[in-house]
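Each remark here refers to the structure printed beneath this line.
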Amino acid sequence: MDKYADAFKVSSNEFLVEEFIESDDEVSVEVLCGKGFYKVITVTEKYLSPKPWFTEMGHVVPSHRYRDRSIINLAINACKSLGINRGVAHVEIKVKGKELYVIEAAARPGGDAIMDLIESSYGINPYMLHISMYIDNTQNNNYEFTPTQTSAIAFMKAPVGEIVDIKLPDIAGDPEIIRVNIFKKIGDKVGDPENWSHREGIVQFTFPGISVEKDYKHIEKSAKLSKEIFGYKESINE
């Protein structure tokens, strides 16, 4: 907290203690909110780093749970309860078997390129929807959102140590890879995946068809690319 309190304008010595939810499954729900109506655009499957950090290391749009009525209804009810009635809202939900827990509800579009993934999968621009509802939140155009393909993003992790070399990957022969962005440079130190700042880059994908189960293809391909891209020294003290 000493490190991030100033950046996020929060207290470094006041804490909210909550019950721990023993689950590695998490989704986010993008809800289009208007005056008197709510429509879920999609459900995003989130992929988390190991305990104790649970940092988001990848997303898939749509999640294989994107038609789950329990998730959809909970996200809509969260927005209603908070009085969110304008624009695209972002609701994060922990999934533990049949039990669902809202862990965040924000009156904003989701980050980490989720809007880009929606545009790729659904052929719509969610930012345009967000803006249009701020201009006039009484409009209800009987929206229907139907995905035509699966989109994904994965955050690259280099091994803990120091980056000593970076080799740009040749992705021309892989039609599933849309883009690769590298965040780090030679000489940077690499730590454990504690939070959003401990990512070495991103890889965005598109896959044909819609997922019917939790698939780790994007995570596996990203890990392989990371090994090809980053040369490192094992200890940051060397």
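The values are calculated or read from the model by the stated rules, or taken from the named source; none is laboratory data. Keep in mind the model is a prediction, meaning the values are calculated, not measured. We place every Cβ from the backbone using ideal geometry, glycine too, and count neighbours over all the protein chains shown. All accessible areas refer to the heavy atoms of the entire protein, side chains included, with ligands and DNA or RNA removed. Shrake-Rupley method; radii C 1.70, N 1.55, O 1.52, S 1.80 Å.
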Need the failing condition index for S132 against (1) within 25 Å of T206 (Cβ to Cβ); (2) of a type in the set (G, A, S); (3) open to solvent by 10 Å² or more (accessible area, probe 1.4 Å), just the number.
(1)
Of R86, R69, which residue is of a type in the set (K, R) and free of Cβ contacts under 8 Å to residues at least 24 places away in the same chain?
R69
Note: among E220, E162, just one is crowded, with 17+ Cβ neighbours inside 10 Å, modelled with pLDDT of 90 or more and not aromatic (F, W, Y), namely E162
Among S28, S49, which is the only one that is modelled with pLDDT under 95, within 26 Å of V203 (Cα to Cα) and under 19 Å from the mean Cα position of the chain (by Cα)?
S49
Looking at the stretch 85-95, can you tell me whether even one residue there is modelled with pLDDT under 95, within 23 Å of I153 (Cα to Cα) and acidic (D, E)?
no
When every residue in the stretch 223-238 that is among the basic types (K, R) and under 18 Å from G161 (Cβ atoms) is compared, the one modelled with the highest pLDDT is K227
Which pairs turn up if I take residues in the stretch 113-134 that are among the hydroxyl-bearing types (S, T, Y) and look for partners that are in a helix (DSSP H, G or I) and open to solvent by less than 30 Å² (accessible area, probe 1.4 Å) with beta carbon separation below 7 Å, at least 6 apart in sequence or on another chain?
Y127/M115
Restricting the stretch 2-47 to residues that are exposed (fewer than 10 other Cβ atoms within 10 Å of the Cβ) and in contact (Cβ under 8 Å) with a residue 40 or more places away in the chain, the residue that is nearest to V88 (Cα to Cα)
G36
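Per-residue answers, yes or no, for (1) open to solvent by 40 Å² or more (accessible area, probe 1.4 Å); (2) in contact with a strand residue (DSSP E or B) (Cβ under 8 Å, 6 or more places away or on another chain):
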residue	(1), (2)
K80	yes, yes
N85	yes, yes
H90	no, yes
K94	no, yes
P109	no, yes
N125	yes, no
T148	yes, no
Picking from I72, I118, which residue would you name as being of a type in the set (A, V, I, L, M), in contact with a Pro (Cβ under 6 Å, 6 or more places away or on another chain) and buried (at least 16 other Cβ atoms within 10 Å of the Cβ)?
I118
